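Inspection log for the structure reproduced underneath, given as structure tokens.
The values are calculated or read from the model by the stated rules, or taken from the named source; none is laboratory data. As the structure is a computational prediction, the values presented were derived from the model and not from experiment. Note that we place each Cβ from the backbone using ideal geometry, even for glycine, and neighbour counts take in every protein chain shown.
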């Protein structure tokens, strides 16, 4: 095999597929990036058996072939080469030479036949949306998944399609994040749970442009995202997702409208007095046309008031400030509505169309 590519193109594609190289594995072949120049295109592939990524590299094929190279080493070599054209050449024994200007590396490759290829997925009836939309939906929900949890369902996000609506749901036992997106076309119903790791990595690769489209394909066990010159295939989390609709309520005793930025900045200031790992709640006291926010810790105390519009009863309630900050940061609206039932029940932040809903459980506090 002999291929010639620019360093910038190589580095871009290496950075994409590196997201599917496992940090720990007993199968050394999975620690490799597969370079496949056997069929008229230069493809880079990595696969950790849960997440697989394949991307096409722009370049010239001078001799067809296929080789697997140790991913971390190959990535570092490419990163540190001069900004010029790079030649990668391997012989029948997989001895591989990487040349760029006056730099020349010789490394041992592996047989490409041993590499675990991505599962074959039939490209039928893709769900299409813009890269910008998918990136935003992930950003606005991913913070609510559980990072490590005995319940694997909480480490993924529900993707539910009904006709022309995509609903994405995440929860971690303390909060729920829901985003609903209107699609341009109608599709058959789908309901799958996608690992949070997959969505985090896809979000890093997506361009985020409104004109760039991503196609999503579903099978019983896998989901595939296709965009630009890249394919990402992920296993799904098996099982039935939580019945989130039963946890949502339209009843409330108190409704407030508040400037999102003001509330976010106020809570952000309050957390200056909370050490990491310290579970001090922020106490919210709503009365008349005012929301008072208070926090007390070993470092000190703070209280601040914000003007609001209020319907219903006065209420005093405590929350983990981080959970409020996470939700407020990802909402784009200037003014938001927050609904409270009582001091023991969750609050809901949602817009009129319910295109977003954030449910946050309160915490107990000593007044």
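Only one of (1) touching a strand residue (DSSP E or B) at 6+ places or on another chain (Cβ under 9 Å); (2) more than 23 Å from residue 198 (Cα to Cα); (3) touching a residue at least 40 places away in the same chain (Cβ under 8 Å) is not met by residue 56, so which one is it?
(2)
Within the range 137-156, work out how many residues are in contact (Cβ under 8 Å) with a residue 40 or more places away in the chain and over 18 Å from residue 192 (Cβ atoms).
Total satisfying the criteria: 4.
Scan the range 141-148 and give yes if some residue there is outside the structural domain of residue 67 (by TED's automatic domain parsing), farther than 30 Å from residue 32 by Cα and over 13 Å from the mean Cα position of the chain (by Cα), otherwise no. It would help to see each step written out before you state the result.
Keep residues of the range 141-148 that are outside the structural domain of residue 67 (by TED's automatic domain parsing), which gives 141-148.
After this cut, where a residue has to be farther than 30 Å from residue 32 by Cα as well, the list is 141, 143-144.
Retained after the next criterion (residues that are over 13 Å from the mean Cα position of the chain (by Cα)): none.
No.
For the range 36-53, give me each residue that is surrounded by 22 or more Cβ atoms within 10 Å (Cβ to Cβ), free of Cβ contacts under 8 Å to residues at least 60 places away in the same chain and part of a strand (DSSP E or B).
Selection gives 42, 44, 46.
With respect to residue 272, determine if the residue is in a helix (DSSP H, G or I), in contact (Cβ under 8 Å) with a residue 60 or more places away in the chain and more than 30 Å from residue 41 (Cβ to Cβ). Quick ask: steps written out before the conclusion?
On the way: in a helix (DSSP H, G or I): yes; in contact (Cβ under 8 Å) with a residue 60 or more places away in the chain: no; more than 30 Å from residue 41 (Cβ to Cβ): yes.
The answer is no for residue 272.
With assigned by TED's automatic domain parsing to the domain that holds residue 240, surrounded by 14 or more Cβ atoms within 10 Å (Cβ to Cβ), under 19 Å from residue 355 (Cα atoms) and touching a helix residue (DSSP H, G or I) at 6+ places or on another chain (Cβ under 7 Å) as the only criterion, which of 205, 181 stands out?
Values: 205 fails: under 19 Å from residue 355 (Cα atoms).
None of the other options fit; the residue is 181.
Counting only residues that are part of a loop (DSSP other than H, G, I, E, B) and closer than 15 Å to residue 171 by Cα, which one in the range 309-361 is nearest to the chain's Cα centre (by Cα)? Spell out how you get there, then give the answer.
Start the filter on the range 309-361 by keeping residues that are part of a loop (DSSP other than H, G, I, E, B), which leaves 313-314, 320, 331-334, 341-346, 351-355, 361.
Right, trim to closer than 15 Å to residue 171 by Cα and you get 346, 361.
On the way: 346: 25, 361: 23 Å.
Within the range 309-361, the match that is nearest to the chain's Cα centre (by Cα) is 361.
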